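Engineer: This structure is in structure tokens; I'll ask about it shortly.
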There are 2 protein chains.
Amino acid sequence: MMNVGIIGTGWISRQFADAVRQQQGARLAGILSRTREAAEGFRRPDETYPAYDDIEEFLADSQIDTVYIASPNSMHYGQAAKAISAGKNVVVEKPAFSNPAEFAKIESLLLQHPHVRFFEAARHIHTDAFRSIANQVEGMGAISGAVFSYMKYSSKYDAFLAGETPNIFTARFSGGALQDLGVYLVYDAIALFGAPLSAQYHPLLLPTGTDAMGTGVLHYQHFDVTLLISKTVNSQFGSEIYAGRQILSFGNGGDLGSVRLVESDGTVREICQSPTGNPMSEEVRDFTDVTQAPTEPAQQSRYSRWLKESREVCETLWQMRQSAGIHFPADDGGER
Amino acid sequence: MMNVGIIGTGWISRQFADAVRQQQGARLAGILSRTREAAEGFRRPDETYPAYDDIEEFLADSQIDTVYIASPNSMHYGQAAKAISAGKNVVVEKPAFSNPAEFAKIESLLLQHPHVRFFEAARHIHTDAFRSIANQVEGMGAISGAVFSYMKYSSKYDAFLAGETPNIFTARFSGGALQDLGVYLVYDAIALFGAPLSAQYHPLLLPTGTDAMGTGVLHYQHFDVTLLISKTVNSQFGSEIYAGRQILSFGNGGDLGSVRLVESDGTVREICQSPTGNPMSEEVRDFTDVTQAPTEPAQQSRYSRWLKESREVCETLWQMRQSAGIHFPADDGGER
């Protein structure tokens, strides 16, 4: 049984909790929020797992073996480090950490706690839709390029325009469009094609120092991948992978949607239908499988691959930020 | 009457000739090709204008007052310079010249021949579809960004893959995807938003030193415009201009297609239907109007605007090439 304690009571924690409730071999074992009231309000009427407002007490609970972290981005590192030190598996919402320095420190901690498993909650690469894309890419022949897009006007931007400073638009909380939506697209590229040789980012910056939107280019040996990212405009673009005259077409790079192959002659074949149901259920299934059989070779192999991808995504996001001069307070190190 | 002599007998010259045939106030007055046979073959059975294989004789023909140039890109400059020196108006296929140095020399020649009119044949900015886009942009409020795409697999790329070296994929003839298709998108941006503050280009280079495809970013004061360009892949992407939650959507940045406004609530309104008929007829109409009333203030004003846009497009393409390290022999100067 994977016994999940959840940090944070926002909508994404609720969605993750729902996926845990539905997953055989997993259950909710605790909830942590800044107030006990909010923590208690997270539970359903029939649920009795403990509600905490103190992270030390939460992590001392021996009934919890896996911690899900969906706090503001800049807080992931400190909370994950504490959870790993307490011997808990951790599932961290993407983007897992603010920079490769944080990631390296987490990997050091993981070496000291070899039984602990660390997962970045990149839900989309665990879906059937993503698997169908990956299978198709393998069969398409030489790839000529790709464009992945995720451009969605955020209601948080209305708040920003009204003079508020939502976390997601601040450097202090390691926010911005690249971190929030671009991370999906960088994952798409790395899970399909491996780490890029180099990466650039052209952001449109807000006065807060973070990016409202931007265009990224990931360079591979024989092709480039272009990323279109925005939290301040809507788009009807989906994503496309090119091989000769063929196009593998799908929706935005986070939700994927219907996957279609457009043949050279223009005929379209649907490879995978639009997903339905809880979009986090597939990652929760995968994390449960690994934590319940951590020493099984097949599970170890998947785990190692996800860890490598997570590290490469972190390094690529960092490279892109460096090319664009986007700095986070978290980059200066130190605990927060 | 605008009396048009045509240089080159390719499909684009045929399309331009058709537009001239249909245009009131314009007529075909001569054809130049490398062989007299090819020149004669260009004429329709009922046509009697002279066919030349020598540019000096062609330019000495007093019946011709306007020359259309659709030779390989690197030859535009030399031919245009000769035509202007001979006192002819010139219509040069896009991209007009290889670099700003050539453009500046042409502008010097134009000062010496004040009656001569020079046009870059950027057909799409003369269309009703483009005018409807420009009108809509003016009414949309603050622009948040734009993505213009033109990605089309070229049969010339099959020839290239088979070991041939089509002009359009050579630096020698000032070719490549940016020059050939990107020029449409740079025109879209400059005709709608003015010259960008700066511009970058990330090309995928062929062994010939030119680009097969690439991603461009044009920086404006308050937004960026991203360009997706390819001659080696197909795409289903069109183009989008963003303003708040609204999207102005159209087809590829060269053909424009149907123009639609997507409102904040997702409702779609068609602003302009897909164009039909000869796509060059509108530019031929405009060039005829200007050459037939060159001193009329309204025509002078349009002419000045097009000349400025043509210069800015040339400068922007150059900036993009510089950022990408794409060099043409034409950049070394000298006659070819």
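The values are calculated or read from the model by the stated rules, or taken from the named source; none is laboratory data. What you see is a predicted model, and the numbers here were worked out from it, not measured in a lab. Cβ placement follows ideal geometry from the backbone for every residue including glycine, while neighbour counts extend to all protein chains displayed.
Engineer: Considering region A:190-214 alone, what residues qualify as being in contact with a Gly (Cβ under 9 Å, 6 or more places away or on another chain) and either of a type in the set (G, A, S) or crowded, with 24+ Cβ neighbours inside 10 Å (or both)?
Structural biologist: A:A199, A:Y201, A:P203, A:G209, A:T210, A:D211, A:A212, A:M213, A:G214
Engineer: Name the residue, out of A:A330, A:A298, that is touching an Asp or Glu at 6+ places or on another chain (Cβ under 8 Å) and not in a loop (DSSP other than H, G, I, E, B).
Structural biologist: A:A330 is the lone residue from the list that is touching an Asp or Glu at 6+ places or on another chain (Cβ under 8 Å) and not in a loop (DSSP other than H, G, I, E, B).
Engineer: Still on this structure, please answer the following. For region A:151-160, name all the residues that are of a type outside the set (S, T, Y) and either modelled with pLDDT under 95 or under 18 Å from A:P203 (Cα atoms) (or both).
Structural biologist: A:M151, A:K152, A:F160
Engineer: Kindly indicate which of A:D289, A:D332, A:D255 is touching a Lys or Arg at 6+ places or on another chain (Cβ under 9 Å) and not basic (K, R).
Structural biologist: A:D289
Engineer: Collect the residues in region B:224-234 that are part of a strand (DSSP E or B) and among the β-branched types (V, I, T), keeping them in residue-number order.
Structural biologist: B:V225, B:T226, B:I229
Engineer: Quick check on this structure: which one of A:R27, A:R44, A:R36 is surrounded by fewer than 17 Cβ atoms within 10 Å (Cβ to Cβ), without any contact (Cβ under 8 Å) to a residue 12 or more places away in the chain and out of contact with any Ser or Thr (no Cβ under 9 Å at 6 or more places or on another chain)?
Structural biologist: Among A:R27, A:R44, A:R36, only A:R44 is surrounded by fewer than 17 Cβ atoms within 10 Å (Cβ to Cβ), without any contact (Cβ under 8 Å) to a residue 12 or more places away in the chain and out of contact with any Ser or Thr (no Cβ under 9 Å at 6 or more places or on another chain).
Yes/no matrix, rows are residues, columns are (1) surrounded by fewer than 20 Cβ atoms within 10 Å (Cβ to Cβ); (2) in contact with a Gly (Cβ under 8 Å, 6 or more places away or on another chain):
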{"residue": "A:T66", "(1), (2)": "no, yes"}
{"residue": "A:V91", "(1), (2)": "no, no"}
{"residue": "A:H126", "(1), (2)": "no, no"}
{"residue": "A:I133", "(1), (2)": "no, no"}
{"residue": "A:G139", "(1), (2)": "yes, no"}
{"residue": "A:A146", "(1), (2)": "no, no"}
{"residue": "A:F169", "(1), (2)": "no, yes"}
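Engineer: If I go through region A:222-234 residue by residue, how many of them are farther than 30 Å from A:F169 by Cβ and within 7 Å of chain B (Cβ to nearest Cβ)?
Structural biologist: Matching residues across region A:222-234 total 1.
Engineer: Determine which single condition B:H202 fails, assuming it passes every other condition in (1) under 27 Å from B:W306 (Cα atoms); (2) outside any loop (DSSP other than H, G, I, E, B); (3) not basic (K, R).
Structural biologist: (1)
Engineer: Oh, and also: Please work out if B:T295 is within 19 Å of B:I229 (Cα to Cα) and among the hydroxyl-bearing types (S, T, Y).
Structural biologist: The answer is no for B:T295.
Engineer: If we keep just the residues of region B:169-199 that are assigned to a loop (DSSP other than H, G, I, E, B) and touching a Pro at 6+ places or on another chain (Cβ under 7 Å), which is nearest to the other protein chains (Cβ to nearest Cβ)?
Structural biologist: Once the filter is applied, the top-ranked residue is B:A171.
Engineer: Would you say A:Q292 is farther than 23 Å from A:V183 by Cβ and either crowded, with 19+ Cβ neighbours inside 10 Å or in contact (Cβ under 8 Å) with a residue 24 or more places away in the chain (or both)?
Structural biologist: yes
Engineer: Which ones in region B:151-168 are away from chain A (no Cβ under 14 Å) and touching a helix residue (DSSP H, G or I) at 6+ places or on another chain (Cβ under 6 Å)?
Structural biologist: The answer is B:P166, B:I168.
Engineer: Now for a different question. Those residues that are in a loop (DSSP other than H, G, I, E, B), within 11 Å of another protein chain (Cβ to nearest Cβ) and either of a type in the set (V, I, T) or more than 18 Å from B:S249 (Cβ to Cβ) (or both), I need them from region A:235-257; list them, please.
Structural biologist: Listed by number, the residues that qualify are A:G244, A:R245.
Engineer: Looking only at residues in region A:272-289 that are of a type in the set (S, T, N, Q) and surrounded by 16 or more Cβ atoms within 10 Å (Cβ to Cβ), which one is farthest from A:G257 (Cα to Cα)?
Structural biologist: Out of the qualifying residues, it is A:T288.
Engineer: Being more than 10 Å from chain B (Cβ to nearest Cβ) and among the small types (G, A, S) is the filter here, so list the residues in region A:200-221 that pass it.
Structural biologist: Selection gives A:G209 alone.
Engineer: Quick one: what pairs do we get from region B:167-194, first residue over 19 Å from B:V259 (Cβ atoms), second of a type in the set (D, E), C-beta under 8 Å, 6+ apart or different chains?
Structural biologist: Within 8 Å, the pairs are B:I168/B:D180; B:G176/B:D211; B:A177/B:D211; B:L178/B:D211; B:G194/B:E312.
Engineer: Here's a follow-up. Where residues in region B:258-275 are charged (D, E, K, R) and within 16 Å of B:N135 (Cβ to Cβ), which of them is nearest to the other protein chains (Cβ to nearest Cβ)?
Structural biologist: So, considering only residues that are charged (D, E, K, R) and within 16 Å of B:N135 (Cβ to Cβ), the one nearest to the other protein chains (Cβ to nearest Cβ) is B:R260.
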